1. In region 20-35, how many are open to solvent by 10 Å² or more (accessible area, probe 1.4 Å), closer than 17 Å to L213 by Cβ and among the polar types (S, T, N, Q)?
2. Among the residues of region 120-139, how many are assigned to a loop (DSSP other than H, G, I, E, B) and either free of Cβ contacts under 8 Å to residues at least 12 places away in the same chain or exposed (fewer than 15 other Cβ atoms within 10 Å of the Cβ) (or both)?
3. For region 82-111, what are the residues that are in contact with a Cys (Cβ under 7 Å, 6 or more places away or on another chain) and touching a residue at least 12 places away in the same chain (Cβ under 8 Å)?
4. When the residues of region 131-155 are narrowed to those that are touching a helix residue (DSSP H, G or I) at 6+ places or on another chain (Cβ under 9 Å) and among the charged types (D, E, K, R), which ends up nearest to N77 (Cα to Cα)?
5. Pairs only if they're at least six apart or on different chains, beta carbon under 9 angstrom, first in region 221-234 and free of Cβ contacts under 8 Å to residues at least 24 places away in the same chain, second assigned to a helix (DSSP H, G or I) and open to solvent by 70 Å² or more (accessible area, probe 1.4 Å); list them, first residue then second.
6. Which one is surrounded by the fewest Cβ atoms within 10 Å (Cβ to Cβ), of the residues in region 92-119 that are under 25 Å from S23 (Cα atoms) and among the hydrophobic types (A, V, I, L, M, F, W, C)?
7. Please go through region 179-237 and give me each residue that is closer than 26 Å to I79 by Cα and basic (K, R), ordered by number.
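The values are calculated or read from the model by the stated rules, or taken from the named source; none is laboratory data. Please read all numbers here as calculations on a predicted model, not as lab measurements. FYI the Cβ positions are ideal-geometry reconstructions off the backbone, even for glycines, and counts take in every protein chain you see. The protein model used for the area step is the full one, side chains on, heavy atoms only, and it has no ligands, DNA or RNA in it. Shrake-Rupley method; radii C 1.70, N 1.55, O 1.52, S 1.80 Å.
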Amino acid sequence: YTCTPRTHARGTMSVTFHALPPSANSACTRCVLKCAGIEHEEVNAYGQTRTPEYIAKFITNLAPAIEHDGACVSETNAIARYLCAAFPTQAGKFYPGDAKNQAKIDMIAEYTGISVYNLVAKAMYPDVGFPGAAGDVSAMDELKASVSESQSAAAKELLTLLNDKYVNGWLKDSTYLGSNEPTIADFRFGPVLLFARVAVKLPTRIEKYLQDLEENVPGYKEATDGPRGFVADKVKA
């Protein structure tokens, strides 16, 4: 999908970033932009994603989404890969290597976005007032009495995945996910953990991982201030 390119006053092509400020998914895109130092304008997408104008650009009617150089891109991982390709000098380092290494990064990022995030949503969305997806227990009036039980089951499985796949897998022998340098896989995972904290007490290794991102990756902490602040009073002790 294409859109009208926007430029800054001095003539450089701009990135327009459509975001939901408290959203973990929007923070994932913000991480790429800020950690890479890509000039951009952030626009609050709240209340806009179902308008005809927005859907004409982004048929998914979701945020995050970006506009750049005539391209309209949504879906978190697609945005990250686009930014790394469009700004190789600034962002290419976050998606490095040959096809094999990039496939590993993609695998981790996709697993986070599908398997992990779906459990996070089921486990904590009711606690922060976010609506459940169609078919979720929390979205069905006739099953309201079972919402807490459903949340507990999702939280239990989430903690299992965090330990089995991340602590004892992708973080076992490296500072970041499968690497000693941060990649877009980390920018997909890190912000999601801020929401996961509402549902589970994160493993010690995961907390150390978050600390490394916040302290050692310039731009990361600022990029994730939105979701961190949003759940600050709801974190599982």
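1. The first filter runs over region 20-35 and keeps only residues open to solvent by 10 Å² or more (accessible area, probe 1.4 Å), leaving 20-23, 25, 30, 34-35.
Among the residues that remain, those that are also closer than 17 Å to L213 by Cβ are: 25, 30, 34-35.
From the residues that got through so far, the ones that are among the polar types (S, T, N, Q) too are 25.
Count: 1.
2. Step one: list which residues in region 120-139 are assigned to a loop (DSSP other than H, G, I, E, B), which gives 129-136.
In the following step, the residues that additionally are either free of Cβ contacts under 8 Å to residues at least 12 places away in the same chain or exposed (fewer than 15 other Cβ atoms within 10 Å of the Cβ) (or both) were identified as 129-135.
The qualifying residues number 7.
3. Within region 82-111, the first condition is being in contact with a Cys (Cβ under 7 Å, 6 or more places away or on another chain), and the residues that meet it are 91-92, 94-95.
Those that are in contact with a Cys (Cβ under 7 Å, 6 or more places away or on another chain) and touching a residue at least 12 places away in the same chain (Cβ under 8 Å): A91, F94, Y95.
4. The qualifying residue nearest to N77 (Cα to Cα) is D136.
5. Sorted first by the residue in region 221-234, then by its partner, the pairs are K221/E215.
6. Among them, the one singled out is I114.
7. Going through region 179-237, the residues closer than 26 Å to I79 by Cα turn out to be 179-197, 206, 209-231.
Matches in region 179-237: R188, R197, K221, R228.
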